[in-house]
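Novice: Okay, here's the structure, questions in a sec.
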Amino acid sequence: MKNENEKAWSGRFKEEIDLVFEKMNRSLSYDIRLYKEDILLNRVYSEELTRLGIISKKELELIKNGLKELESDIAQKGLSIFSDKIEDIHMGIETLLFEKIGDAAKKMHAGKSRNDQIATDVRLYLIKEVKVILDLIKKFLTILLKISENNIDAVMPGYTHLRQAQPVLFSHYIMSFFFSIERDYERLNDSLKRISIMPLGNAALAGSSYKLERDYLQKNLGFDSITQNSMDGVLSRDFILEFLSNISILSITLSRYAEDFILFSSEHFGFIELSDKVSTGSSIMPNKKNPDSLELTRGKTGRIIGNFVSLFTMLKALPSTYNKDLQEDKERLFDSIDTIKDILKVNIILLENLKINKEKMKNAIDPSSFATELADYLANKNVPFREAHKITGKIVLNCIENQIYLTSMTENMLIKYDLNFKGIGDNWADINQFLNKRNLTGGTGIKSVKDQIKKARKILNDFKKT
Ligand code: ARG
């Protein structure tokens, strides 16, 4: 049996590798994640080598059975079945297969390189994970839609600068996340075609010298297309950058949602209540119920963006084709995949168990947030809007100084400020009127939000087809 200490490249070397460097060079602890992809690749590739007569049919049978056994060994025992001399998943699988089936295992690597192999494995893995993430986003969006529908007419204060601005429908607010995250879905979905490009056959950098049918490999590995240039194929990691960027954009949206929900579930707002399932207590203050799930959603944005920046920095000015720096892409990638999946899963639970306090939201609306209605009324009476704004500002100021609600200003009181208020009526600050005026596409009127929900449902259904 092969000496585990022997490196694949040992022929050219006289000295043993230094142990400190060997540890730094090892990627097995994290690229073990790619074992299924690496096994699939080796199986399909060995079939192709059999067609070319490099591997006999008998050897192919041995390889296939051996790989199958190995797959379940690794699934059961993980890292523990590899010696700590093994550098990466490719060498690990080859070495263990050799221990199982002997020399046939040594034939598998003809005409390929770990350079095209790792690029192919990572792409295969990412295709699978992007689909899982897309599915989670779909679930998240479905729940947002349901919350909007179930609370279609609940009103709440709307904020700019985190100061009360104008009332909005709660359903409108929730749909703002739907449309933002729907674009994140589309971006991610669109990126699949750039991930699903197969580098296998590019070998080290110059392309394989074996007459491989790359179309056969592509089809059997499940790729959409193949790389058109071997130097590009072994080097390019733009598909990972694009993924990390897409996930960063999504996590920014989710951090905004988290921040809002932390505020809105606090004692001061009380608009929503989080389930105990996604909250924690304090080890000292028995009264506390903390929104840790949302805080972590917000906080983990830091590591997601960090992963993106880290890979960006690592890739800058790398010389052409494969360099070992590229090994550093995987931990960043895997961490962002795990993190975004956790965030989405936790927030699906959070939304499924969310309590909405319609009364509190409604009562929190500051009467002066109807001020724009007054200015608009005057503007419709031919008063220039800037003028109308000034007059209304004065009314608001007087209300603050005399401690009266803006909404309790009657027509008679308003006329004292400007005669054009004639006909406004005492009910000018009616919330339903306010909403009805905003039924244009994208507005916060009930009809508009119903239209948004309809469109959103269609978008979700179209997603389901893809
Ligand atoms: N572990 C390596 C990586 O992750 C695999 C490719 C190694 N290629 C090489 N020529 N040393 O990038």
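Novice: Compute for segment 330-374: radius of gyration divided by Kirkwood radius, i.e. Rg/Rh, restricted to C-alpha atoms, rounded to two decimals. Please list the in-between numbers first.
Specialist: Values: Rg = 19.7 Å, Rh = 14.3 Å.
Rounded to two decimals, Rg/Rh equals 1.38.
Novice: Given a Förster radius of 51 Å and the C-beta distance between ARG12 and PHE179 as r, what FRET efficiency does 1/(1 + (r/R0)^6) yield to the nearest 0.05? The partial results should precede the final answer.
Specialist: Values: r = 58 Å, r/R0 = 1.14.
Approximately 0.30, to the nearest 0.05.
Novice: Taking the Cα atoms of the chain alone, what are Rg (to one decimal) and Dmax (as a whole number) in Å?
Specialist: Both quantities, over Cα of the chain: 30.6, 100 Å.
Novice: How large is ³J(HN,Hα), in whole Hz, for each residue of segment 422-435 in order, when computed from phi with the Karplus curve 6.51 cos²θ - 1.76 cosθ + 1.60 and θ = phi - 60°, using x for Gly and Pro?
Specialist: 4, x, 5, x, 7, 9, 4, 9, 5, 5, 5, 4, 4, 5
Novice: Using C-alpha positions alone, give me the convex hull volume of segment 1-146 per residue in cubic angstrom.
Specialist: Working: hull volume 21.3 nm³, N = 146.
Taking only Cα atoms, segment 1-146 has a hull volume of 146 Å³ per residue.
Novice: In the chain, what % of DSSP beta bridges are antiparallel (nearest 5)?
Specialist: Working: 9 of 11 bridges.
Rounded to the nearest five, the antiparallel share is 80 percent.
Novice: Using the alpha-carbon atoms, what tilt in degrees (0 to 90, nearest 10) does helix 329-352 show relative to the longest principal axis of the chain?
Specialist: Compared with the principal axis, the helix lies near 40 degrees.
Novice: Additional query: How high is the FRET efficiency from ALA317 to LYS23, r the C-beta distance, R0 25 Å, rounded to 0.05? Don't skip to the answer; put the middle values down first.
Specialist: Working: r = 27 Å, r/R0 = 1.08.
Calculated value: 0.40.
Novice: Which peptide among 113-121, 45-53, 408-416 comes first, and what is the full order, when sorted by highest mean count of other Cβ atoms within 10 Å?
Specialist: Numbers: 113-121: 24.4, 45-53: 18.0, 408-416: 15.0.
Top of the packing list down: 113-121, 45-53, 408-416.
Novice: Something else: Taking Cα centroids, how far is segment 156-201 from segment 413-460 in Å?
Specialist: Using only Cα atoms to place each centre, the spacing works out to 25 Å.
Novice: In addition: In segment 117-269, what percentage of the DSSP-assigned beta bridges are antiparallel, given to the nearest 5? Kindly include the intermediate steps, with their values, before the conclusion.
Specialist: Values: 6 of 8 bridges.
If we restrict to bridges inside segment 117-269, about 75 percent are antiparallel.
Novice: Run a plain Debye calculation on segment 92-241 (Cα atoms as equal point scatterers, no solvent) and give log10 I(q)/I(0) at q = 0.19 Å⁻¹, rounded to two decimals, same order as the q list.
Specialist: With one equal scatterer per Cα and no solvent, log10 I(q)/I(0) is -1.11.
Novice: Suppose only helical runs count, i.e. DSSP H with n ≥ 4. What mean residue ellipticity at 222 nm does that imply for the chain under -39500 (n - 2.57) per run, divided by all residues and rounded to the nearest 500 deg cm²/dmol? Walk me through the numbers on the way to the answer.
Specialist: On the way: 19 runs with 282 residues, N = 466.
Rounded to the nearest 500, the figure is -20000 deg cm²/dmol.
Novice: Between the alpha-carbon centers of segment 72-124 and segment 250-296, tell me the distance in whole angstrom.
Specialist: The distance from the Cα centre of segment 72-124 to that of segment 250-296 comes to 45 Å.
Novice: Setting aside same-chain residues fewer than 8 positions from LYS131, which lysines have a Cα under 16 Å from its Cα?
Specialist: By straight Cα distance, LYS131 reaches LYS139, LYS193, LYS341, LYS345, LYS464, LYS465.
Novice: Can you list the HN-Hα couplings for segment 408-417, worked out from phi with the Karplus curve (6.51, -1.76, 1.60; θ = phi - 60°), rounded to whole Hz and with x for Gly and Pro?
Specialist: Taking θ as phi minus 60°, the curve returns 8, 6, 8, 4, 4, 5, 5, 4, 5, 8 Hz for segment 408-417.
Novice: While we're looking at this one, here's another question. Suppose the Debye formula is applied to equal point scatterers at every Cα of segment 32-113; what is log10 I(q)/I(0) at q = 0.16, 0.21 Å⁻¹?
Specialist: With one equal scatterer per Cα and no solvent, log10 I(q)/I(0) is -0.53, -0.91.
Novice: Now for a different question. Quick one: which of 301-313, 253-265 comes out on top by average Cβ neighbours within 10 Å, and what's the full order, highest first? Provide the component values of the computation, followed by the final result.
Specialist: Details: 301-313: 17.6, 253-265: 20.1.
For the peptides 301-313, 253-265, the packing ranking is 253-265, 301-313.
Novice: If you don't mind, there's one more thing I want to ask. Sort 221-228, 59-66, 458-465 for me by packing, meaning the mean count of neighbouring Cβ atoms within 10 Å per residue, highest on top.
Specialist: On the way: 221-228: 16.1, 59-66: 18.6, 458-465: 11.6.
Highest-to-lowest ranking by the protection proxy: 59-66, 221-228, 458-465.
Novice: Note the angle between two axes, namely the Cα long axis of helix 57-77 and the longest principal axis of the Cα atoms of the chain, as a number of degrees from 0 to 90, rounded to the nearest 10.
Specialist: 50 degrees
Novice: Any idea of the accessible area per residue across segment 231-356, 1.4 Å probe, to the nearest Å²? Please report the intermediate quantities before stating the final value.
Specialist: Working: 5740 Å² over 126 residues.
On a per-residue basis, 46 Å².
Novice: Name the long-range amide H neighbours of GLY158: under 5 Å, sequence gap of 5 or more, or other chain; modelled H, no Pro or chain starts.
Specialist: Amide H neighbours of GLY158: ALA165, GLN166, VAL168.
Novice: Taking square-rooted eigenvalues a ≥ b ≥ c of the alpha carbon gyration tensor, is segment 277-403 rounded, prolate or oblate, where a/c under 1.5 means rounded and, failing that, a/b exceeding b/c means prolate? Present the calculation step by step, with values, prior to reporting the outcome.
Specialist: On the way: a/c = 3.74, a/b = 1.77, b/c = 2.12.
Note, shape of segment 277-403 comes out oblate.
Novice: For helix 371-380, report the angle its Cα long axis makes with the longest principal axis of the Cα atoms of the chain; keep it between 0 and 90° and round to the nearest 10°.
Specialist: Approximately 70 degrees, to the nearest ten.
Novice: Right, here's the next one. Quick one: with all protein chains in place, what share of the accessible area of segment 218-289 is carbon or sulfur, to the nearest percent (1.4 Å probe)? Could you put the intermediate results ahead of the total?
Specialist: Numbers: 1860 of 3530 Å².
Result for segment 218-289: 53 percent of the exposed heavy-atom area is carbon or sulfur.
The values are calculated or read from the model by the stated rules, or taken from the named source; none is laboratory data. All values reported here derive from a predicted model rather than from experimental measurement. Neighbour counts run over all protein chains shown; Cβ positions are idealised from the backbone, glycine included. Protein only, heavy atoms only, side chains kept; ligands, DNA and RNA dropped before computing areas. Shrake-Rupley method; radii C 1.70, N 1.55, O 1.52, S 1.80 Å.
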